[in-house]
Amino acid sequence: MYNKRPLNPVRSTQLNATIKYGYEEIVSLLNSLSLSNKQTVILDGTHGVNFKPLINEILLHFNQEEITLLSTYDFLKSEEEIREFFDKNITDNRAFGYVTEVEIDTYFEEDARETLQTFLGQQSDTKKMCIVWGPGASYLHSKDIDISLFLDVTRESQEIKHKESLMNFGFQTNIDAVEKFKISYFVEWPILENYRKRNLSQFDYYVDLNDQNEPKLVTITDFLAIIRDISNFPLRVKPFFMPGVWGGQYLKKMADLPNDMTNCAWNFEPIAPENSILVENKGETMEIPFLLVMANANNAILGDRIVGLFGDYFPVRLNFLDTIEGDNLSCQVHPKESFLREAFNEKLEQQESYYIVETKGNPKVYLGFTEDVNIKEFKETVEMSQKTGEAIPFTDYIQEWESKKGNLYHIPSGTVHCAGKNNLVLEISSTTWWFTFKIYDYVRKDLDGKPRPINTDYGFANVDSYKDKPWVENNLLPKPKMINKQGSNEEYDLGKRDDLLFFVNRIHLDTQWIDNTNGEFLLFNLVEGDKVRIISLKDTSVFVDINYGESYILPAVFGAFQLENNGEVPCKLIKAGVSPNWDVKMTDD
């Protein structure tokens, strides 16, 4: 049975970390402060955290006349000023912006810190406690702090709130959901997530507020120790499901998703910036953004060589695309690295591959151009289709291929492609995922009723016209090659390319398989069969079970391990990681 809420246990018996629950625990911390002198409390946090329940709880337990409450939102620049400053980052493109590199101070009035200090200096002696709350609280007030907490939510929680009424940080209005995500991706997350990463260790406590009715509280010392512990063992992120206009029904059944979910187009597991980790310690759980795990344990997880290439950025993603009983994806292309960096200030090229897990009927994959295609004519035809609203015979231009279960299709940047309906695709790709230039989308509207963003100028500026039917057949449709055998069990190289940073192997598991991380992380997904147990050979009491459709990260430090088929039928697992020959750095020296 597919597990939607996998728990990653703290395994060290030496770690005496404690996760506490409830607002009353935070109030108890404040009660422990001596009010004989003025006390300063910092309640910092991520945008999307609802600070109000905690503030209300504090006001219930303290004399309100003795407390000064200062919200960071009151020191922000106006929305007009913020929009003007970030104009080149937000851009007038509906989907794409330019990743900012500025700091959190940009959101606040130039004299915000001085104004706050002046205000505090004017408070009467009857004020015994000053509480500065909101994102950037420790930036606005960084000295003489008696206790500080960082209140956090995941990107998934933020995006759920975006669908409700949450606007971007510093904004009172957004055009639509696409603009919300665009501003988050290109402005808000680069600033606020980097602020969180750089400053987290300076706080006294971390608070998980993904469930605002039940905050989870842990000291920063214990929080960092928990991250270091879980990063020595197999990790499974909390999967993130999303519907889409072309989404299918297979993942809904596989993962037992709610009936009122129209479809499920994507399942991200893992796509590091988007996912979170559920940690279990002594029967208590908390949810942590996977970005924080990577920021504090990247060497243990990635290994030295990969850290040298990517820093604390997890470079490979696995995600499902479900079009079974759904529809075709858009005809699309991903940009080259030079274009990506110059146009969007994004560092890692979006490279992909499709592994076909399941099919229904007679499905297709569309990859490369037809032979002797006229690219100029194709572009003009697409642009006319956008104006008239009339569909075009796109297979006159884009090559159609039979889709077969177990096939792998390479998709380096510059390759026009899409998955057809009635496929369950496991994407093994570089982690970058937003930079999809839709060239043609069948003149359909998105789930919000608005036309989907089409980027013909960007798209056709990045297509490799030479990637036609003969070229694709010779270069992007690899044949499996057996590279290892242990009894009746076999490992196949499904195909490598010098322009793809990842490798994709497949293990055919009848009984048992011995392997080793060899100092670099590995990813596994069970694409056929029921259940496989991954067992440490250093300590056989350490193991995890991987069910059909699930993915696990084996950290670099995990070392030797055994795969054991615990189901009734033979299994197949996708095994992926960074190609041993990949030497292109994402990090700037």
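The values are calculated or read from the model by the stated rules, or taken from the named source; none is laboratory data. Fair warning: this is a prediction, and the values are worked out from it, not measured in the lab. Don't worry about glycine lacking a Cβ; one is built from the backbone with ideal geometry, like all the others, and counts go over all protein chains shown. All accessible areas refer to the heavy atoms of the entire protein, side chains included, with ligands and DNA or RNA removed. Shrake-Rupley method; radii C 1.70, N 1.55, O 1.52, S 1.80 Å.
Points to keep in mind about this one:
- Wholly within the stretch 373-470, strands (runs of 3 or more DSSP E) carrying at least 1 residues that are open to solvent by less than 40 Å² (accessible area, probe 1.4 Å) and among the polar types (S, T, N, Q): 398-402, 423-430
- Any strands (runs of 3 or more DSSP E) falling wholly within the stretch 508-560 and containing at least 1 residues that are open to solvent by less than 10 Å² (accessible area, probe 1.4 Å) and among the polar types (S, T, N, Q): 522-528, 531-536, 551-554
For (1) more than 30 Å from residue 452 (Cβ to Cβ); (2) over 12 Å from the mean Cα position of the chain (by Cα), each residue gets a yes or a no:
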position	(1), (2)
221	yes, yes
239	no, no
248	no, yes
251	no, yes
265	no, yes
273	no, no
284	yes, yes
287	yes, yes
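- Residue check for residue 582: buried (at least 18 other Cβ atoms within 10 Å of the Cβ), part of a loop (DSSP other than H, G, I, E, B) and over 20 Å from the mean Cα position of the chain (by Cα): yes
- Residue pairs meeting the criteria (Cβ under 8 Å; at least 6 apart or on separate chains; first at negative phi, in the stretch 105-123; second of a type in the set (Gly, Ala, Ser) and not in a helix (DSSP H, G or I)): 107/136; 107/170; 108/136
- Contact map, the stretch 397-422: first residue of a type in the set (Lys, Arg), second residue open to solvent by 30 Å² or more (accessible area, probe 1.4 Å) and at pLDDT 95 or above, Cβ cut-off under 6 Å, separation 6 or more or different chains; pairs are 405/359; 421/327.
- All positions within the stretch 325-344 that are of a type outside the set (Gly, Ala, Ser), touching a helix residue (DSSP H, G or I) at 6+ places or on another chain (Cβ under 8 Å) and open to solvent by 10 Å² or more (accessible area, probe 1.4 Å): 325, 332, 336, 339
- Scanning the stretch 168-181 for residues that are touching a helix residue (DSSP H, G or I) at 6+ places or on another chain (Cβ under 7 Å) and open to solvent by less than 50 Å² (accessible area, probe 1.4 Å) gives 168, 169, 170, 171, 174, 180.
- Filtered residue count, the stretch 104-159, keeping only those that are surrounded by 15 or more Cβ atoms within 10 Å (Cβ to Cβ), closer than 25 Å to residue 78 by Cβ and of a type in the set (Gly, Ala, Ser): 5
- The set of residues from the stretch 252-295 being assigned to a loop (DSSP other than H, G, I, E, B) and farther than 22 Å from residue 522 by Cα comprises 255, 256, 257, 258, 259, 260, 261, 262, 263, 265, 282, 283.
- Within the stretch 182-219, the residues that satisfy the criterion of being acidic (Asp, Glu) and closer than 28 Å to residue 91 by Cα are 188, 193.
- Residue within the stretch 426-433 that is within 22 Å of residue 263 (Cα to Cα), in contact (Cβ under 8 Å) with a residue 24 or more places away in the chain and out of contact with any strand residue (DSSP E or B) (no Cβ under 6 Å at 6 or more places or on another chain) present: yes
- Total residues in the stretch 161-171 satisfying the condition of being more than 10 Å from residue 48 (Cα to Cα) and without any contact (Cβ under 8 Å) to a residue 40 or more places away in the chain: the figure is 3.
- Filtered by the rule that a residue be surrounded by fewer than 15 Cβ atoms within 10 Å (Cβ to Cβ) and farther than 18 Å from residue 137 by Cα, the stretch 29-55 gives 31, 32, 34, 35, 36, 37.
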